[in-house]
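Read the structure below first, then the notes.
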Amino acid sequence: MTKNFDSKKILRGGAFGIFVVVVVLLGVQLFFGDQIALFANFHNGDAVEHASADTLTIAYSLPLQSLEPTLFDPITRSRLVNIYEGLVRTNHNLKIEPAIAVSWGLVNPTTWEFKLRPHVKFHNGNEVKVTDVVAWLQRARNFEGSQLKTLLNSVSDVKAVGDSTLRITTKTPDPLLLNKLAVTYIFPENLANFDQPVGTGPYSFVAWNKGENGKPIVLKRFENYWSDKPHYAQVVLQNIGDRDARINALKTGAVDLLADVPPAAVKDLSSDKIILKTIPSLEVSFVMLNANQGLFVDKNLREAFAYSLDGKVFVEIAGGYARAVKQFVSSGVFGFNPKLKGY
């Protein structure tokens, strides 16, 4: 069984190998204190000044299409990760830690047992029950529109064992099950309207109203949150599709933070009132050649093409916010091999 320890919420993601986020007014401490979204970490342990202790407004480049918790696209998850949680979660070092489950362990190579954290409350005031967790995982596996089906296809059975214990059986040993559960959100068993999300996360859903620049999502701090309380009483997640309008919104103080910052835009944000924070991303971009037909059937031509590409050029295109890699996954991802030489 693992030891229980609490931490603050994290949002994840990235682009061009290093994710870029901009914070206004002397390093705003984000609403999770030491961890932040779409996909970075900003806490430095010191007291921080900020535009408002009451409301934090974040601007994104792409609009949200749905509040469905079984969707797996980064746009949806970057918003919903504030509202929902899984049995476990990853910290800013990508290590698994307890969330709704306070501990877990392997009964045998294909059976996992989880003990639920006592007295965790949903945003509607009800305590999380083991039947909620069973229903959540079954929907993630079986709901027609779920994008988690493939991710969870190793699971063969889910059942409650007593009032606070859950057992998950896999078809074969699955060393990545915890990572999968970290991105699978828990909601009440009887939740029928997913346009009104109800989770256990640090923020509860208030509204998703059409605004001038899209449909901002309004969240409020969940005062009964089981872990550390978030810093801001209210968070507004705003979509501003136009690049120049998004940058101007930060410069004028209309928003406090930008996510999805293009590397080319960094120079436009140079200011003594704007602080740039970066964190390595797990994203890897690559060119895939068709080795089954056409020109690149010839291995020699494939090798010549690989040798002809200079990774430094792509790093320069990304404004320095990237690095060359020699395999399909980045360090920190299961399967990364530091000994692989590549080209």
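The values are calculated or read from the model by the stated rules, or taken from the named source; none is laboratory data. Just so it is clear, the structure is predicted and the values come from calculations on it, not from any experiment. Cβ atoms come from the backbone with ideal geometry, glycine included; neighbour counts cover every protein chain shown. Calculation scope for accessible area: heavy atoms of the full protein, side chains included, ligands and nucleic acids excluded. Shrake-Rupley method; radii C 1.70, N 1.55, O 1.52, S 1.80 Å.
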Legend entry - Selection from the stretch 123-157 of residues that are touching a Phe, Trp or Tyr at 6+ places or on another chain (Cβ under 9 Å) and in contact (Cβ under 8 Å) with a residue 60 or more places away in the chain: His123, Val128, Arg139, Ala140, Ser146, Gln147, Leu148, Leu151
Inset, instruction - Kindly indicate which of Ala245, Ala207, Ala192, Ala160 is open to solvent by 30 Å² or more (accessible area, probe 1.4 Å), free of Cβ contacts under 8 Å to residues at least 24 places away in the same chain and aliphatic (A, V, I, L, M). - result: Ala192
Legend entry - Those residues of the stretch 254-270 which are at pLDDT below 90 and either at positive phi or surrounded by 14 or more Cβ atoms within 10 Å (Cβ to Cβ) (or both), in sequence order: Ala259, Asp260, Val261, Pro262, Pro263, Ala265, Val266, Asp268, Leu269
Inset, instruction - Considering each residue of the stretch 107-126, count those that are in a strand (DSSP E or B), in contact with a strand residue (DSSP E or B) (Cβ under 8 Å, 6 or more places away or on another chain) and either within 28 Å of Ser330 (Cα to Cα) or not aliphatic (A, V, I, L, M) (or both), and give that number. - result: 6
Inset, instruction - Could you tell me whether the stretch 287-304 includes any residue that is in contact (Cβ under 8 Å) with a residue 24 or more places away in the chain, touching a Phe, Trp or Tyr at 6+ places or on another chain (Cβ under 6 Å) and open to solvent by less than 70 Å² (accessible area, probe 1.4 Å)? - result: no
Inset, instruction - May I ask you to say which residue of Ser146, Ser156, Ser164 is under 22 Å from Pro69 (Cβ atoms) and of a type in the set (Ser, Thr, Tyr)? - result: Ser146
Inset, instruction - Would you point out the residue of the stretch 165-181, among those that are part of a loop (DSSP other than H, G, I, E, B) and at pLDDT 95 or above, that is surrounded by the most Cβ atoms within 10 Å (Cβ to Cβ)? - result: Asp174
